[in-house]
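For reference, the structure is listed below as structure tokens.
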Amino acid sequence: MAQESSHTTTERAVWTDTEVDQFLLYLSNNRDKIGDAGNFKDVTYNGAAEAIAEYLEHGPAKSGAMCKTKWASLKQTFNAIQKYRQQSGVHWDNIREANVEGEASTSVWNEYVSKKVRQVH
């Protein structure tokens with residue numbers, strides 16, 4: 001008799017803007033539980049996963065581990081933007097973002113991005 005494979009695939013989380021908004025709202029409302037380095041304990045991420053479950057549109061239900069990964073990703077993006085904004089001669093606003101226009105701005109942006117790409121690899 002053939003046995004069924006116990007191999008399971010892990011679906012990648014798909015985050016909608018609404019889920020991200022509700023996730024951040026949950027963390028904001030629970031900011032008193034934040035620990036070292038701006039991270040939360042697993043119980044808080046698990047609570048966030050439960051709180052945003054009703055907003056799921058597609059993909060797998062979010063787990064605490066997925067929420068923890070999303071928080072790390074959002075912090076990394078935030079920190080990169082903050083570092084970019086601190087440079088001389090650059091622009092950032094929360095509506096139009098970097099709004100890179102013109103040769104000089106394009107040059108600064110391309111240099112910044114190329115440094116970031118080299119750091120990742």
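The values are calculated or read from the model by the stated rules, or taken from the named source; none is laboratory data. Predicted model only: the values in this text are computed from it and were never measured. A quick note on method: Cβ atoms are made from the backbone with ideal geometry, for glycine too, and the neighbour counts reach across all protein chains shown. Just so you know, the surface numbers come from the protein's heavy atoms only, side chains and all, with ligands and any DNA or RNA stripped out. Shrake-Rupley method; radii C 1.70, N 1.55, O 1.52, S 1.80 Å.
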Task: Given (1) hydrophobic (A, V, I, L, M, F, W, C); (2) at pLDDT 80 or above; (3) part of a helix (DSSP H, G or I), number of the condition residue 109 does not satisfy - done: (2)
Open item on the list: Which numbered condition in (1) over 17 Å from the mean Cα position of the chain (by Cα); (2) outside any loop (DSSP other than H, G, I, E, B) is the only one that residue 58 fails?
Closed with: (2)
Open item on the list: Given the criterion open to solvent by 100 Å² or more (accessible area, probe 1.4 Å), out of contact with any Pro (no Cβ under 7 Å at 6 or more places or on another chain) and at pLDDT 80 or above, identify the matching residue among 101, 50.
Closed with: 50
TODO: Could you list, in sequence order, all residues of region 6-32 that are open to solvent by 100 Å² or more (accessible area, probe 1.4 Å) and not β-branched (Val, Ile, Thr)?
DONE: 6, 7, 11, 12, 17, 29, 31, 32
